[in-house]
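The structure appears below as structure tokens.
The values are calculated or read from the model by the stated rules, or taken from the named source; none is laboratory data. All values reported here derive from a predicted model rather than from experimental measurement. Because the Cβ atoms are built from the backbone with ideal geometry, glycine has one as well, and the counts that use them run over all protein chains shown. What goes into the accessible areas is simple: the full protein's heavy atoms, side chains included, and nothing from ligands, DNA or RNA. Shrake-Rupley method; radii C 1.70, N 1.55, O 1.52, S 1.80 Å.
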Amino acid sequence: MCQAPTVLYSAQQIHARVSELGNSLSQMIPISETPHLIAVLKGSVIFLADLMRAIRRPVTIDFAYLSSYGSGANSSGAVKTFSAPKSSVRNRHIIIVEDIVDTGLTLSSLRNQLLDQKPQSLITVALLTKPSRRRIDVPVELIGFTVANHFVVGYGLDFDEKFRQLPHLAVIDR
Ligand code: IMP
């Protein structure tokens, strides 16, 4: 590990797909409601920044910092919550913004934490999903791209804190 990343989706392809996701989300939430986006740190920050501008109505945002990954490229299998969202989700339309759903453990843990607080609705939008890696069945209502069992970096996603600033999504060989 690890060679130069190979481009998987260009910045233009990502931009087009994020616009579509924003349109879909705009239609899924009642027009009179303000959706509350909860982004999973750190990988989803760039996705959140673009997605919230693609939703054509007011939104509010918050962050959750939890991870099943340590440093490197493999899930530890145990989800740690470093920081829960600070805002109340009760009776609100919540949209979880996730960079990539891999085993599904991180998303499942966050969903359960939020569902305990009785939101009005709860949906997840993930930029990427790797279904072949799933260890738990967890709903993901909107997906940007489905990828094979690659380790993906760029557009906020890292390997050992590297590559987050790439404007495109790329694969590193392991
Ligand atoms: P899960 O709990 O196994 O679904 O892991 C989800 C989290 O693992 C994501 O939010 C990422 O932080 C990290 N992750 C999983 N796969 C990748 C990848 O291919 N590239 C970068 N981060 C990844």
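Within the range 88-115, the set of residues being at positive phi and more than 6 Å from the ligand (Cβ to nearest atom) comprises just one member, ASN91. Among residues of the range 15-43 that are free of Cβ contacts under 8 Å to residues at least 40 places away in the same chain, those with a beta-carbon under 9 Å from a residue that is within 16 Å of the ligand (Cβ to nearest atom) and open to solvent by less than 50 Å² (accessible area, probe 1.4 Å) at least six positions away or on a different chain give the pairs GLU20/GLY144; GLY22/LEU51. Is it the case that the range 45-58 has a residue that's under 15 Å from the mean Cα position of the chain (by Cα), among the β-branched types (Val, Ile, Thr) and more than 10 Å from the ligand (Cβ to nearest atom)? Yes, the conditions are met somewhere in the range 45-58.
Output yes when any residue across the range 25-32 is open to solvent by 10 Å² or more (accessible area, probe 1.4 Å) and either on the phi > 0 side of the Ramachandran plot or modelled with pLDDT of 95 or more (or both), and no when none is. Scanning the range 25-32 turns up no residue that is open to solvent by 10 Å² or more (accessible area, probe 1.4 Å) and either on the phi > 0 side of the Ramachandran plot or modelled with pLDDT of 95 or more (or both). Only one of these is touching a strand residue (DSSP E or B) at 6+ places or on another chain (Cβ under 6 Å), surrounded by 13 or more Cβ atoms within 10 Å (Cβ to Cβ) and at positive phi: PHE163, PHE145. Name it. That would be PHE163, the only listed residue that is touching a strand residue (DSSP E or B) at 6+ places or on another chain (Cβ under 6 Å), surrounded by 13 or more Cβ atoms within 10 Å (Cβ to Cβ) and at positive phi. Condition check for SER121 on (1) over 18 Å from LEU21 (Cα atoms); (2) more than 10 Å from the ligand (Cβ to nearest atom); (3) more than 17 Å from the chain's Cα centre (by Cα): one failure, at (1).
Which members of the range 69-97 meet the condition of being at pLDDT below 75 and of a type in the set (Phe, Trp, Tyr)? Give the steps one after another, and end with the answer.
Taking the range 69-97 and keeping what is at pLDDT below 75, we get 69-77.
Hit for the range 69-97 is TYR69, nothing else.
Among the criteria (1) more than 14 Å from the ligand (Cβ to nearest atom); (2) over 14 Å from LEU142 (Cβ atoms), the one PRO131 does not fulfil is (1).
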